[in-house]
Amino acid sequence: MKCKLFSHTVLAAMSFVGTIGNLNAGDHAAAATPEMTPPGEARSMVEAGRMGAATRRPAREFSGAPITPVSADPTARAGSPDEDAAVPPRAEDAVEIDVPRFAPMTDGEPRRSRSVRSNASGTTDKSVEGKRSIDYNDPRAQMITPLDGSRLLPAQTFEWSPGENVDDYYLQIGSCFECADLLDEEEGQSLQRSVSLPVDGRSIYVTLFSYIDGVWYWIDYQYRAASRQLTAAQMISPVAGSTLSVSQRSVWDAGYGADTYYLRIGSCAGCKDILDENEGLGLSRTAALPEDGRVTYVRLFSRLQGQWWYRDYQYRAARPSSGGTTVRVNVVNSLGYSINVSINGQVIGGIPAYGTAGATVKVASLTVMFRVNQPVLGTRTLGDPMSGVFSTIQNPSGTYTFKVTNVIGGSWFFLPLVTNQTAVPLLIEVNGGLQAENRCNCVAPAATPRVGTGYYRFYSNSNVRLFDDASDYQGAYRYFGVDYNGGVSKGTPLTPYLKADSGVVELVISQAP
């Protein structure tokens with residue numbers, strides 16, 4: 001079923017904590033702006049092509065019985081938020097967290113299966129039981145979500161940290177250790193990947209590779225596939241055992257079959273002296289927390305078919321700050337969609353498309369990260385994910401201005417805006433025929449200007465194909481850019497039409513396929 005998109009004239013906006021700051025000439029420059037060819041309209045570049053039924057192998061979908069709840073989640077405990085289940089405070093500290101080891105590969109190719117993978121000293125490096133946190137001294141990319149050892153969703157998004165000086169990422173997912181029967185894919189500079197997974201409760205093994213200075217390094221993770229049963233929600237962030245912020249945002253997954261969530265935060269297990277709140281169907285909550293270093297307990301309830309189940313988590317409250325400098329952080333969003341901004345791992349807020357906002361923070365070091373909010377059509381997220389992190393600034397002072405553009409590290413992205421001047425709706429495909437091919441199954445309506453479907457990876461041979469709405473991506477099409485079909489490369493690169501910083505490419509089509 002195809003869905004229609006409307007004109008790219010209204011963009012979502014989010015509030016940003018702090019006031020909007022003026023960008024003074026004396027501000028620190030945190031990012032450079034690339035020089036690019038002046039933009040134009042790719043009106044005269046449109047050409048015709050034809051797509052056969054077997055020109056590209058379709059993505060493999062998992063088959064099997066539908067997910068039907070038959071029993072409650074055995075890993076969660078039964079208990080209602082209406083009951084008094086508090087446990088007196090104990091004197092122990094938060095749980096110590098193991099971290100993965102830094103282990104270089106002995107061979108340089110992630111695609112080849114290995115019965116044993118060894119680190120430089122020759123000892124076997126397998127998944128580390130109980131690892132739950134990010135080691136920021138480790139230059140490898142590390143999995144942020146889902147938590148190692150957790151139960152996965154049928155449609156699961158894997159998200160990892162950028163690491164340090166990582167030139168490429170590679171993700172393998174399999175049904176056994178070192179297997180890659182579920183996914184075996186180079187991810188470029190992307191920091192996340194959404195995958196459809198089995199729902200039979202099997203163990204799932206994930207290997208995340210980082211290409212650093214010409215050598216592949218890896219970390220192994222192990223999970224449990226979803227099963228045909230109700231599953232209580234699990235906390236995604238903050239990581240269990242970590243130190244909380246004074247204003248902490250807690251984020252949890254949806255579990256399976258839950259119709260209500262309830263969050264309780266206290267100074268003892270089951271206590272509710274800090275927060276006691278029904279969250280409805282919300283999947284996050286920001287709460288003000290004490291700043292005294294106490295052990296803090298979080299209980300996350302899920303209601304499954306009328307019965308409450310919960311999971312307990314333990315953290316350390318922040319300690320009173322004794323250092324740091326007050327600095328001003330301004331962020332310029334040059335992109336056509338809003339972004340969320342984090343400072344030192346804490347989400348600060350959002351900035352609308354083409355907007356500027358800022359915040360004043362007290363920090364000893366400064367790391368600014370951002371994530372682009374992808375457009376959503378129904379239940380589908382459109383475009384390719386975009387996120388990045390600026391280099392950490394030690395002992396910061398004064399005002400810093402960070403500019404978010406369509407160039408992140410060594411990766412370029414573009415936002416094609418299709419103006420459909422024809423009398424028929426046109427089905428949109430981006431990067432057709434390439435490994436980065438993206439068929440959004442969305443439509444530019446007839447006689448509609450500037451229809452956007454999100455950002456996509458940009459290459460020298462990127463293209464945008466437009467098919468008849470009823471074609472199911474078969475038969476005749478019009479295209480912009482470089483088209484490779486039937487062993488022949490045709491067309492003109494879109495590079496001269498790419499607008500600097502925003503990555504917008506204006507495409508005007510006046511003749512139907």
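The values are calculated or read from the model by the stated rules, or taken from the named source; none is laboratory data. Since we're looking at a predicted model, the values are computed, not measured. All Cβ positions, even for glycine, are placed from backbone atoms using ideal geometry, and neighbour counts span all protein chains on display.
Kindly evaluate Val430 against the criterion of being over 23 Å from Leu507 (Cα atoms) and buried (at least 16 other Cβ atoms within 10 Å of the Cβ). Judged against the criteria, Val430 is not a match.
Within the range 154-176, is even one residue modelled with pLDDT of 90 or more, β-branched (Val, Ile, Thr) and not assigned by TED's automatic domain parsing to the domain that holds Glu279? Yes, the range 154-176 contains at least one residue that is modelled with pLDDT of 90 or more, β-branched (Val, Ile, Thr) and not assigned by TED's automatic domain parsing to the domain that holds Glu279. Condition check: in the same structural domain as Thr495 (by TED's automatic domain parsing), within 16 Å of Tyr479 (Cβ to Cβ) and of a type outside the set (Phe, Trp, Tyr). Does Thr448 satisfy that? No; evaluated as a whole, the condition is false for this residue.
Going by the conditions given, is Asp181 without any contact (Cβ under 8 Å) to a residue 60 or more places away in the chain, of a type outside the set (A, V, I, L, M), surrounded by fewer than 18 Cβ atoms within 10 Å (Cβ to Cβ) and in a strand (DSSP E or B)?
Details: without any contact (Cβ under 8 Å) to a residue 60 or more places away in the chain: yes; of a type outside the set (A, V, I, L, M): yes; surrounded by fewer than 18 Cβ atoms within 10 Å (Cβ to Cβ): yes; in a strand (DSSP E or B): no.
Considered against the rule, which asks whether it is without any contact (Cβ under 8 Å) to a residue 60 or more places away in the chain, of a type outside the set (A, V, I, L, M), surrounded by fewer than 18 Cβ atoms within 10 Å (Cβ to Cβ) and in a strand (DSSP E or B), Asp181 comes out as no.
Would you confirm whether or not the range 198-220 contains a residue that is in contact with a Gly (Cβ under 6 Å, 6 or more places away or on another chain), of a type outside the set (A, V, I, L, M, F, W, C), outside the structural domain of Pro385 (by TED's automatic domain parsing) and free of Cβ contacts under 8 Å to residues at least 40 places away in the same chain? No; the residues of the range 198-220 include none that is in contact with a Gly (Cβ under 6 Å, 6 or more places away or on another chain), of a type outside the set (A, V, I, L, M, F, W, C), outside the structural domain of Pro385 (by TED's automatic domain parsing) and free of Cβ contacts under 8 Å to residues at least 40 places away in the same chain. Within the range 396-410, the presence of at least one residue that is farther than 17 Å from Asp501 by Cα, in a loop (DSSP other than H, G, I, E, B) and in contact (Cβ under 8 Å) with a residue 60 or more places away in the chain is confirmed.
Just to be sure, is Leu434 assigned to a loop (DSSP other than H, G, I, E, B), in contact (Cβ under 8 Å) with a residue 24 or more places away in the chain, among the aliphatic types (A, V, I, L, M) and under 25 Å from Gln189 (Cβ atoms)? So Leu434 fits the description; yes. The requirement of being surrounded by fewer than 17 Cβ atoms within 10 Å (Cβ to Cβ) and touching a residue at least 40 places away in the same chain (Cβ under 8 Å) is satisfied by Tyr354. Can you pull out the residues in the range 357-381 that are within 22 Å of Gly409 (Cβ to Cβ) and either within 16 Å of the chain's Cα centre (by Cα) or surrounded by 21 or more Cβ atoms within 10 Å (Cβ to Cβ) (or both)? Answer for the range 357-381, where residues must be within 22 Å of Gly409 (Cβ to Cβ) and either within 16 Å of the chain's Cα centre (by Cα) or surrounded by 21 or more Cβ atoms within 10 Å (Cβ to Cβ) (or both): Leu366, Val368, Met369, Phe370, Arg371, Val372, Asn373, Gln374, Thr381.
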